[in-house]
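Each remark here refers to the structure printed beneath this line.
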Amino acid sequence: MGKSSLRTILIYSTLITIFVIVLAFLTTQVTKSYMVNTIEDRLKAEGNYIEAVLEASKLTGNEYYQQIEDMSNRLSLGFIYGEKEKGVVLNTISHVLRISDDHIPQDIHEDLVIHELNKSDALYYYAIEIKRDNESSILILTLPSHSISVMMKNLWFIYGLALCLVIVGIFIAGFNIFEKYVKPIRSASNVAEKLAEGNYNARTYETYFGEAAQLTYSINTLARNLQEMSLQSEVQNDRLQAVVDNMDSGLMLINEKGYIQLVNRAFLDNFEEGLTSDYIGYLYYEAIPFEDIHDVVKDVFMLEDNVQKTLILSIGIERKFFAVSGAPIFNHHKDWKGVVLVFHDITDMKHLEEMRKDFVANVSHELKTPITSIKGFAETLLDGAKEDAVVLDKFLHIIHKESVRMQYLIHDLLELSKLENNNFQLNLEKVSIKKLVDDVLSLVAHIAEEKNITIRADVNERIVLEGDGSRLTQLLLNLVSNAVHYTPNSGEVFVGANDLGEDIKLFVKDTGIGIPKEEIPRIFERFYRVDKARSRESGGTGLGLAIVKHIVEAHHGKINVESELHKGTTFSIDLHKKFTNP
C-alpha cells in the first residue's frame, strides 16, 4: 500500500475516531442525565407512596418500624428513618442495598432539603417528612449511585470497542478498496502514461473485481494492440527503409516548407560527403551547395509537375552526371505535401559514351602528329635529302623521337586497358614506402637537375604497406614526373608519407604552375591536358593521371588534389596498410 493511500486511511480514521469520541461523550451525558432523572422520578413516586402509607398507618412502636423495614425490602430501597427526639431509629441501607458502612450516613443532616434529590459519594437520596399525631419524622429513601458509574463505564467500553472495530473495519475496507480499485487504477494510469510516451511493452496489474477489472483488462488489451501495431509499423518502416537504402539511385524528400525529410544511402554515396543528420531537418538550399539542384526544386514548386534534367556536378575531384527527376507530392485530398527528387548517377554511362566518342578522335589525334612527322621526314629523305648527312641525322632523330612518343602512347593505352579489365589482379607484397620513394626519385633526378629543381623527401623507414610494388612505383613516378615537368626552373618538389595507424597518406607537393579550380574534376580523364602545349613538349600522353587514379582505386584508396594557380599543387593519396577487399 502506498504512502498516499495509508495517509488517506489515517486521516479518515482520525476523523471517525474524533466523531465517535464526541458521540460517545454526548451519548453518555444524555444517558447519565436520563438515569438520574429516572432515579429522581422513582424516588419521588415511591416517596409519595410511602408518605401516604405511613401517615395512614395505625401501627406504633416496633410494629411501625417493622412496617417501614418491610417496605424497604419490598421496594429495594435503602431507608433511613429518624425522629427528632430519638434520632436515627432505622437504617436498612447496609442489608438492602449491600453498601459498606463507610458510605452509609449515620445521621440526618439539618441542611437536608425535603422532596429534592441529593447525592453523596455512593448514594442518591430523597427525603420525605412524615406527619403522624402532630409529630413529624424524616424518612430518607436511598439508591446506590455506583450503578450509574458502572453503566457509564460499560457505555465507554462499548464505544471504545465499537471504535476499535470501526477502525479495524476501515483499515480492512481501505486495504480491500486499495487492492481491488485504487491499485489497479493507479497501475492503469501509470501504464497509460508509459503508452503515451511510446513504451508499448508496459502492462498493468489486472484485478478481478468490478469496473476496475474491466479497466485493467482494456488497458492491457490496448497496450498489446499498440505493441502489435508498433511492431507492424517498425517492420513496414524497416522494409521501406531497406528498399529506399538499397536503391541504386539517390533519393531526397522535401516537405512543402522546403525542409529535407529523407535522404537515402545512395544519395550520400553519390555526393561523397556528410551524414543523414547533415541533411534532415535543414532547408534544401542550405544543405545542398549546388544551384542546379536548387533550380530543379524551384521548377517543381512553381510548375507543380514532373521535371527532368541532366546535371553535371563537380563533386570532389570528379565531374558527375546525374539524370534528376523531380515530382510533386500530393495526398489523397490533393493537398501539396512536398517534392521528391531521384538522382540517377549516369556518370559511368556518360564516360563510356565520351570514351567511345573521344577514343578514336584522341588516339587518331595523338597518333596523327607523330605519324605525319615520320611520314613527312621519310618522304623528304626519300626525295634525296638522305644524301645530306647533317639533314639525314637530324631527320632520323626526329623520326626516332616521334616513334618513341608513339611507343609511350601505345604503352599507356595498354596499361590503362589492363587496369580497367575486370580480370585485373594486383601482385601483393610488402612494400617499403621509403624504398619506393627512393627508387622513383632516382629515376627523375636527372630531369630535376636539368631544371635545377630541388626534390626533398620525408618518409619514415618503418612505414610498410601491402600492395603491388610495381604499380605503386608507376603511380608515384607519374605524380613526381608531372610535378617536375610542370614546375618552373629552380622550383621545389616535396614527397612525403604520414603514418595514420591503419592507413598511410602519401603526398607529392610542388611549386609549379598549379591547376585552375574548374579544371580539377577533369584532370583524371583520358587525354585531358590542362596545358596542352607544355604536355606535348614534355612528351606526355595525357593518360598518366588516368592510370594513377585506376591504380589508387585498385588498392581501394582515395586520391585528392589541392591546387592554387601559379603557386603549386598537392596530390595526396590515402592507402590502407593491409590490403582488404571491400
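Identify the residue in the range 89-115 that is in contact with a Pro (Cβ under 9 Å, 6 or more places away or on another chain) and β-branched (Val, Ile, Thr) and, among all such residues, is modelled with the highest pLDDT. So the residue we want is ILE93.
Whenever a residue of the range 274-303 is at positive phi, its partners that are open to solvent by less than 50 Å² (accessible area, probe 1.4 Å) and assigned to a helix (DSSP H, G or I), lying with C-beta atoms within less than 7 angstrom and at least six residues away or across chains, give the pairs GLY274/LEU268. The set of residues in the range 313-338 being of a type in the set (Val, Ile, Thr), closer than 16 Å to LEU251 by Cβ and surrounded by fewer than 17 Cβ atoms within 10 Å (Cβ to Cβ) consists of ILE329 alone.
Restricting to the range 184-199, name every residue that is at negative phi and part of a loop (DSSP other than H, G, I, E, B). ASN199 - this is the single residue of the range 184-199 that is at negative phi and part of a loop (DSSP other than H, G, I, E, B).
Condition (residue is more than 20 Å from LYS430 (Cβ to Cβ) and assigned by the TED database to the domain that holds GLY557) applied to the range 464-473: is it met by at least one residue?
First, the residues of the range 464-473 that are more than 20 Å from LYS430 (Cβ to Cβ): none.
Looking through the range 464-473, none of the residues is more than 20 Å from LYS430 (Cβ to Cβ) and assigned by the TED database to the domain that holds GLY557.
Exactly one residue among LEU472, LEU465 is touching a His at 6+ places or on another chain (Cβ under 8 Å) and within 24 Å of GLY568 (Cβ to Cβ), and that residue is LEU472.
For residues that are assigned to a strand (DSSP E or B) and of a type in the set (A, V, I, L, M), tally how many sit in the range 60-102.
Here is the first cut: in the range 60-102, the ones assigned to a strand (DSSP E or B) are 78-83, 87-91.
Now restrict to residues that are of a type in the set (A, V, I, L, M): 80, 88-90.
Here the count works out to 4.
Please determine whether any residue of the range 507-528 is part of a loop (DSSP other than H, G, I, E, B), modelled with pLDDT of 85 or more, open to solvent by 50 Å² or more (accessible area, probe 1.4 Å) and at negative phi.
Step one: filter the range 507-528 for residues part of a loop (DSSP other than H, G, I, E, B), giving 511-516, 523-528.
Narrowing further to those that are modelled with pLDDT of 85 or more: 511-516.
So of that shortlist, the ones also open to solvent by 50 Å² or more (accessible area, probe 1.4 Å) come out as 511.
From what is left, the residues that are at negative phi are 511.
Within the range 507-528 (the criterion being part of a loop (DSSP other than H, G, I, E, B), modelled with pLDDT of 85 or more, open to solvent by 50 Å² or more (accessible area, probe 1.4 Å) and at negative phi), the answer is yes, since at least one residue qualifies.
Suppose we keep only residues that are assigned to a loop (DSSP other than H, G, I, E, B) and under 26 Å from THR347 (Cα atoms) within the range 234-263. Which one would you say is most open to solvent (accessible area, probe 1.4 Å)? Reasoning before the result, please.
Just the residues of the range 234-263 that are assigned to a loop (DSSP other than H, G, I, E, B), to begin with: 246-249, 256-258.
With under 26 Å from THR347 (Cα atoms) added as a condition, the list becomes 246-249.
Numbers: ASN246: 104, MET247: 66, ASP248: 142, SER249: 19 Å².
Per the stated criteria, the residue is ASP248.
Candidates are the residues of the range 542-569 that are polar (S, T, N, Q) and under 10 Å from ILE515 (Cβ atoms); the one that is least open to solvent (accessible area, probe 1.4 Å) is THR569. With respect to (1) open to solvent by 70 Å² or more (accessible area, probe 1.4 Å); (2) touching a strand residue (DSSP E or B) at 6+ places or on another chain (Cβ under 8 Å); (3) part of a helix (DSSP H, G or I), the lone exception for THR310 is condition (3).
The conditions of being open to solvent by less than 70 Å² (accessible area, probe 1.4 Å), within 27 Å of LEU352 (Cβ to Cβ) and modelled with pLDDT under 85 are not met by ILE573. Screening the range 273-292 for residues that are within 13 Å of GLY258 (Cα to Cα) and either of a type in the set (A, V, I, L, M) or assigned to a helix (DSSP H, G or I) (or both) and picking the one that is least open to solvent (accessible area, probe 1.4 Å) gives ILE288.
Per-residue answers, yes or no, for (1) free of Cβ contacts under 8 Å to residues at least 60 places away in the same chain; (2) assigned to a strand (DSSP E or B); (3) open to solvent by 50 Å² or more (accessible area, probe 1.4 Å):
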| residue | (1), (2), (3) |
| --- | --- |
| HIS446 | yes, no, yes |
| ARG456 | yes, yes, yes |
| ASN460 | yes, no, yes |
| LEU465 | no, yes, no |
| THR473 | yes, no, no |
| LEU479 | no, no, no |
| VAL484 | yes, no, no |
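The values are calculated or read from the model by the stated rules, or taken from the named source; none is laboratory data. Keep in mind it's a predicted model, so treat the numbers as computed, not measured. Virtual Cβ from ideal backbone geometry, glycine too; neighbours counted across all protein chains shown. Each accessible area value is taken on the protein alone, full model and side chains, heavy atoms only, with ligands, DNA and RNA left out. Shrake-Rupley method; radii C 1.70, N 1.55, O 1.52, S 1.80 Å.
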